[in-house]
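Participant: My questions all concern the structure below.
Readers should treat all values here as calculations from the given coordinates under stated rules, not as data from a laboratory. Bear in mind the structure is a predicted one, so any value in this text is a computation, not a measurement. All Cβ positions, even for glycine, are placed from backbone atoms using ideal geometry, and neighbour counts span all protein chains on display.
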Amino acid sequence: MKFDVIIIGGGWAGCTEAEKLAEAGSKVCVISEGLSLASVRYETPYSRHAGLQKAGVTVLRGDRAERGIIEDGKVTGVITRNLGEGEPLTADRYVLATGKFFSRGLLSDKEHIWEPVFGADVDYDPDRTKWFSQDFEADQPFMKFGVKTDAKGHVLVDGKSIVNLTAVGDICNE
């Protein structure tokens with residue numbers, strides 16, 4: 001399936017970006033694995049997605065972006081759990097809006113933090129003891145970790161800008 005823009009993440013940032021782009025005339029697809037707090041301000045949990053669909057946005061609710069295909073510094077497609085390898089979603093532009101840890105936009109083990117769809121570079125301190133504060137009520141350092149972007153907002157992978165991939169919302173580093 002071909003779109004103008006594919007947005008990975010159906011939370012507040014992803015839906016807001018989808019609304020803006022659809023209003024400007026773009027053919028938009030939102031891949032939304034589950035419900036988010038963005039749905040709370042609407043009448044029912046699915047109201048926001050229903051509103052996007054009325055605006056002509058294709059919403060793949062309950063699907064997950066498994067991996068992005070990157071060739072020659074550009075994303076050429078996204079493989080989803082439900083559509084699989086045989087049917088990559090393609091677009092001219094891609095937007096990463098997956099959030100951070102609680103929505104699994106960033107994953108971690110005891111030594112590393114990574115972005116699971118595109119393998120984007122993540123800005124974090126390699127010293128794990130600096131990932132958190134012992135004071136539960138203090139600002140937690142890990143909440144400032146996020147994907148690295150260039151001056152134009154393009155996501156970096158292996159230190160190189162991906163010219164048709166931007167990041168919005170919490171996935172960005174602060």
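Participant: Once the other residues with Cβ under 12 Å from the Cβ of Ile6 are scored (Lys, Arg +1; Asp, Glu -1), what is the net sum?
Facilitator: Working: positive: Lys2, Lys27, Arg93; negative: Asp4, Glu17, Asp63, Asp92.
Charge balance in the 12 Å sphere: -1.
Participant: As a check on your grasp of the helix formula, calculate [θ] at 222 nm for the chain: sum -39500 (n - 2.57) over DSSP H runs of n ≥ 4, divide by the residue count, round to the nearest 500. Show your work: numbers first, answer last.
Facilitator: Working: 2 runs with 20 residues, N = 174.
Result for the chain, helices only: -3500 deg cm²/dmol.
Participant: So what's the net charge close to Lys27: Lys and Arg +1, Asp and Glu -1, counting the other residues with Cβ under 13 Å from its Cβ? Walk me through the numbers before you get to the answer.
Facilitator: On the way: positive: Lys2, Arg93; negative: Asp4, Glu23, Asp92.
Every neighbour counted, the sum reads -1.
Participant: So, counting K/R as plus one and D/E as minus one, what does the shell of residues with Cβ under 14 Å around Val117 add up to?
Facilitator: Numbers: positive: Arg64, Arg67, Arg81, Lys100, Arg104; negative: Glu33, Asp63, Glu66, Glu115, Asp121.
Result for the local shell: 0.
Participant: Any idea how far apart Glu23 and Thr129 come out in nm if each label point goes 7 Å out from Cα toward Cβ?
Facilitator: 5.0 nm
Participant: Using alpha-carbon positions, what is the distance between the centroids of region 106-174 and region 1-23, in Å?
Facilitator: 21 Å
Participant: Against the longest alpha carbon principal axis of the chain, how many degrees, from 0 to 90 and to the nearest 10, is the axis of helix 12-23 turned?
Facilitator: With both axes taken from Cα atoms, the answer is about 30 degrees.
Participant: Take every DSSP beta bridge whose two residues both sit in the chain, then give the antiparallel share in percent to the nearest 5. The partial results should precede the final answer.
Facilitator: On the way: 15 of 33 bridges.
Bridges in the chain are about 45 percent antiparallel.
Participant: Further question: Given the convex hull of the Cα atoms of region 105-173, what is a quarter of its surface area in nm²? Show your work: numbers first, answer last.
Facilitator: On the way: hull surface 20.2 nm².
Over all viewing directions, region 105-173 projects a mean Cα-hull area of 5.0 nm².
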